[in-house]
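Below is one structure; the comments refer to it alone.
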Ligand SMILES: [Cu+2]
């Protein structure tokens, strides 16, 4: 009598935990499916849970004598950007992005590839923004006061 009661209790716990496992599995599956949709970042830059998942972007940037055709850009913190650079001027130019310390010629700088653009040269500058909002400055090393620009991280 005690024995059969005990067995009944065991069965109860067994089926209860089985039901719980199935419920957990179902929950895991449905949430997993939702995350799967996130593998391709949405165009709106922010996922449902508010996580910033802005994907890489690229911009064309033309160098003139002596100016950046476009010299103001807006990115999200942590976003990767590729600048596709063309020297449409006749002078030598390049592009150097300050990494966030507000100073040039420091370790966190990123310089275009190549670091010297003769007239007509094309190249790139690939850079990943720091993870915080703020303003980043960039310039041409050959015309450091005339050729400047800013990247706003917001
Ligand atoms: Cu220049």
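The values are calculated or read from the model by the stated rules, or taken from the named source; none is laboratory data. Because the structure is predicted, anything quoted here is derived from the model rather than measured. Note that we place each Cβ from the backbone using ideal geometry, even for glycine, and neighbour counts take in every protein chain shown.
Observations on the model:
- Applying the criterion of at least 3 residues that are more than 17 Å from the chain's Cα centre (by Cα) and free of Cβ contacts under 8 Å to residues at least 24 places away in the same chain to the strands (runs of 3 or more DSSP E) found wholly in the stretch 90-154 leaves an empty list.
- The residues of the stretch 43-62 that are within 13 Å of the chain's Cα centre (by Cα) and either surrounded by 11 or more Cβ atoms within 10 Å (Cβ to Cβ) or modelled with pLDDT of 95 or more (or both), listed by number, are 45, 46, 52, 53, 54, 55, 56, 57, 58.
- Qualifying residues in the stretch 63-85 (those that are within 13 Å of the ligand (Cβ to nearest atom) and either crowded, with 17+ Cβ neighbours inside 10 Å or within 23 Å of the chain's Cα centre (by Cα) (or both)) - the one farthest from residue 149 (Cα to Cα): 85
- Set 115, 108, 98: member being surrounded by fewer than 16 Cβ atoms within 10 Å (Cβ to Cβ), under 23 Å from residue 76 (Cα atoms) and either more than 13 Å from the ligand (Cβ to nearest atom) or modelled with pLDDT of 95 or more (or both): 108
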